[in-house]
1. With unit charges on the beta carbon (Lys/Arg positive, Asp/Glu negative), name the residue among Ser170, Val111, Ala72 whose Cα is farthest towards the positive pole of the charge dipole of the chain.
2. Can you tell me which lysines have their Cα less than 25 Å from the Cα of Lys11? Leave out same-chain residues fewer than eight positions away.
3. Could you go through segment 29-36 in sequence order and give the Karplus-derived ³J(HN,Hα) for each residue, using 6.51 cos²θ - 1.76 cosθ + 1.60 with θ = phi - 60°, rounded to whole Hz, and x for Gly and Pro?
4. Sequence-distant or interchain residues sharing an amide H contact under 5 Å with Ala72, placed H: which?
5. Quick check: the distance between the Cα centres of segment 97-112 and segment 114-188, to the nearest angstrom?
6. How large is ³J(HN,Hα) for each residue in segment 156-172, as worked out from phi by the Karplus curve 6.51 cos²θ - 1.76 cosθ + 1.60 (θ = phi - 60°), to whole Hz, x for Gly and Pro?
7. Treating the angle as unsigned and between 0 and 90°, give the value, to the nearest 10°, between the Cα long axis of helix 175-184 and the longest Cα principal axis of the chain.
8. What residue among Gly67, Gly132, Gly18 has the largest mean-square fluctuation in a Gaussian network model of the chain, using Cα springs under 10 Å?
Amino acid sequence: MDLKYGSDEAKKFVTNIGLITSKGKHGENIMAAEWTHVISYSPWLVMINIGGNSATAENILETKVFGVNIAAEEHNGISSISGNRSGKDINKISMLKELGVEFYKANEINVPMLKGAALNLECRVIRHESIGSKMMIIGEVVHSEVRKEAVPIIFSSGSYKKVTDFVAPSQRMSQEELDALVKKHKKG
Ligand SMILES: Cc1cc2nc3c(=O)[nH]c(=O)nc-3n(C[C@H](O)[C@H](O)[C@H](O)COP(=O)(O)O)c2cc1C
């Protein structure tokens, strides 16, 4: 079956926003990708699932490198600008620069990186495959820079949200009660 865009079902998913940067036949580019996930610690692998016809996918499959810039709270505008128009038609990097957004040259790869992102990852493609409606691209992180104080923005129900308070445990039981329960249900 299909998952309908904007449906109640789709609204139950919560993600980061990866601002994916690339440089290739469509020039320097940036796009918003809510489907940006860490899938391995060692090696550190990141997966993005993006439209195969996007300028970003075509740039990345040509050069085999890309940048992941995890959006902080102040980056919702950059996400909307880069996520609603294509680098095939618009130079989004120069457009954003005109708005005061700063980029720096990546350390290990030849792509622009967003200055001030919560986390900047420079990735080399290790695998890609067309899956469903998207191109799955897995990159190994070859360089990272973190802005410790930055809070990543959340994307859910089609809008940007803040990470707020810690959720208190719903089952209120003592550590002893929990230990007893775990012991009771131990296998073997
Ligand atoms: C908040 C947000 C999240 C998005 N997430 C994704 C995503 O995960 N995968 C995808 O294919 N497109 C996603 N998009 C749409 C792309 O960013 C959009 O198609 C963009 O124009 C592609 O740009 P490009 O052609 O310059 O690569 C998202 C858009 C927004 C606004």
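The values are calculated or read from the model by the stated rules, or taken from the named source; none is laboratory data. Everything numeric here is computed off the predicted structure, so don't read it as measured data. Virtual Cβ from ideal backbone geometry, glycine too; neighbours counted across all protein chains shown. Side chains are part of the model used for accessible areas, which takes the heavy atoms of the whole protein and leaves out ligands, DNA and RNA. Shrake-Rupley method; radii C 1.70, N 1.55, O 1.52, S 1.80 Å.
1. Comparing the listed Cα positions along the dipole, Ser170 ranks first.
2. Leaving aside lysines fewer than 8 places away in the same chain, those within reach of Lys11 are Lys134, Lys161, Lys162.
3. 8, 9, 9, 8, 9, 6, 8, 10
4. Sorted by chain and number, the residues that satisfy this are Ala118, Ile153.
5. Answer, in whole Å: 25.
6. So the Karplus estimates, Gly and Pro as x, are 7, 6, x, 9, 7, 9, 8, 6, 10, 6, 4, 8, 5, x, 7, 8, 8 Hz.
7. That helix lies at roughly 80 degrees to the long axis.
8. Evaluated over the chain, the most mobile residue of the options is Gly132.
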